[in-house]
1. Is there a residue being modelled with pLDDT under 95 and in contact with a Phe, Trp or Tyr (Cβ under 6 Å, 6 or more places away or on another chain) anywhere in region 25-38?
2. Going residue by residue through region 256-270, is there one that turns out to be out of contact with any strand residue (DSSP E or B) (no Cβ under 6 Å at 6 or more places or on another chain), at pLDDT 95 or above and within 16 Å of the ligand (Cβ to nearest atom)?
3. Within region 128-153, can you find the residues that are farther than 22 Å from residue 278 by Cβ and in contact with a helix residue (DSSP H, G or I) (Cβ under 7 Å, 6 or more places away or on another chain)?
4. Six or more apart or on different chains, Cβ atoms under 7 Å: show the pairs whose first residue is in region 209-222 and buried (at least 16 other Cβ atoms within 10 Å of the Cβ) and whose second is acidic (Asp, Glu) and modelled with pLDDT of 95 or more.
5. Name the residue that is surrounded by the most Cβ atoms within 10 Å (Cβ to Cβ), counting only residues in region 289-324 that are under 18 Å from residue 360 (Cβ atoms) and without any contact (Cβ under 8 Å) to a residue 40 or more places away in the chain.
6. Output the number of the condition that residue 46 fails; it satisfies all remaining conditions of (1) over 26 Å from residue 173 (Cβ atoms); (2) crowded, with 22+ Cβ neighbours inside 10 Å; (3) aromatic (Phe, Trp, Tyr).
7. State which residue is nearest to the ligand (Cβ to nearest atom) when the search covers only region 176-203 and only residues that are closer than 29 Å to residue 147 by Cβ and part of a loop (DSSP other than H, G, I, E, B).
8. So which residues in region 122-139 are aromatic (Phe, Trp, Tyr) and within 16 Å of the ligand (Cβ to nearest atom)?
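The values are calculated or read from the model by the stated rules, or taken from the named source; none is laboratory data. Just so it is clear, the model here is predicted, and its values are computed rather than measured. Here the Cβ positions follow ideal geometry from the backbone for every residue, glycine too, while neighbour counts run over all protein chains shown.
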Amino acid sequence: MAVSFYNFEKLHTEKSREELLEKFSAIMSKNQFIEGEENHLFEENFAKAQKAKHALLVANGTDALEISLKALDISPGDLVGVPSITFFATTEAVLNIGATPVFIDVNPRTGLLCPESLERMCQKFPLKAVMPVHIYGQCAYINEYERILKDRKIPLIEDGAQAHGTFYSAKRPVGSSENLTTFSFYPTKNLGAFGDAGAILTQSDEIAVKIKAIRNHGRGPLEILGRNSRCDTFQACVLNYKLENTHKLNQDRKEAAKKYYQKLNGLPIKLLPDQALETSSWHLFPILTNSHEERRELMKFLSSKEIGHVPFYEQTQHDLLPLQKFSGEWNSASFFSQTVLCLPMHPFLTQSEIDEVSDAVSLFYRS
Ligand SMILES: *Cc1c(COP(=O)(O)O)cnc(C)c1O
């Protein structure tokens, strides 16, 4: 039985199609295509869900990062710390505002930005901001970063593009901290639009005003240079509609993760630390193999059984061509990128699909 990596068929049901088409029709009647009522509604609802004071919609998750950097007055030439393992957009945002990335190594087990490496990079470079990533939906070590950065007055921007439904601790969702937190609503994220969209969460009234101005050509009370990073009303409408069910879908991901843990227990691979079962949104389900060759063989084996798998992220940031000239640390990240493999993860995985995937991985290691 083939097992796919994602499942959009079950996510977008016939009923949701009909209900959304009605809402789209209402937007067309009002001719409110940009920053309409649905935008304000979603910003309110999303802020409430993430326990933040303000949620500001923007055009996509990369813009959310760029605009956050600008809102904190990070300027061309400034140094910004980014983890050596992340999706390229994190570093891209730094480069696009003319700042320079400094790579910080990751924890070898989780791929999350490593506090000890952060401490070393802070001593070596005058960092102006640090952008940890809640990678795979795990919760990054925010308390430890804050302990290192507070006295140095270096702000954090949390990249929460994979963290809709991630918690720092019971009842404290990602987005409720004092840092700026960014989200992406790219269709494959845990909360996805029917196109591009993103958001920034903040507790600061002042920063919220600034973000509103930057996303809309600098309009408003501030005299600053902005750009166009507005979110259209259709996307806000989809997000508002889907937000209601997101908590339930994240619970279903967690249940699937728990089943994987039961089935994969005892194999010579590493899973994320058990804590992830409490705090992660399970955007992805990574396992760590023991060597690059072993991962290659496992991928071949899974392909032969038509089981979806993706080696997110198979290169460190420093491995990427446009980034090879930048400095930092990536020792643990190198091994991580060569051995990590993501197995199918979505809210609609059935027990028999989980059995199929787990049995294939078991068979690979036991034969
Ligand atoms: C998806 C993603 C982004 C970028 O989001 P876009 O909406 O595609 O611009 C940024 N960071 C991380 C970690 C992501 O996974």
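1. no
2. no
3. Within region 128-153, 129, 130, 131, 148, 152 qualify.
4. Matching pairs, first to second residue: none at all.
5. Restricting to residues being under 18 Å from residue 360 (Cβ atoms) and without any contact (Cβ under 8 Å) to a residue 40 or more places away in the chain, the top hit is 311.
6. (1)
7. 190
8. Here is the first cut: in region 122-139, the ones aromatic (Phe, Trp, Tyr) are 125, 136.
Within region 122-139, 136 is the sole residue that qualifies.
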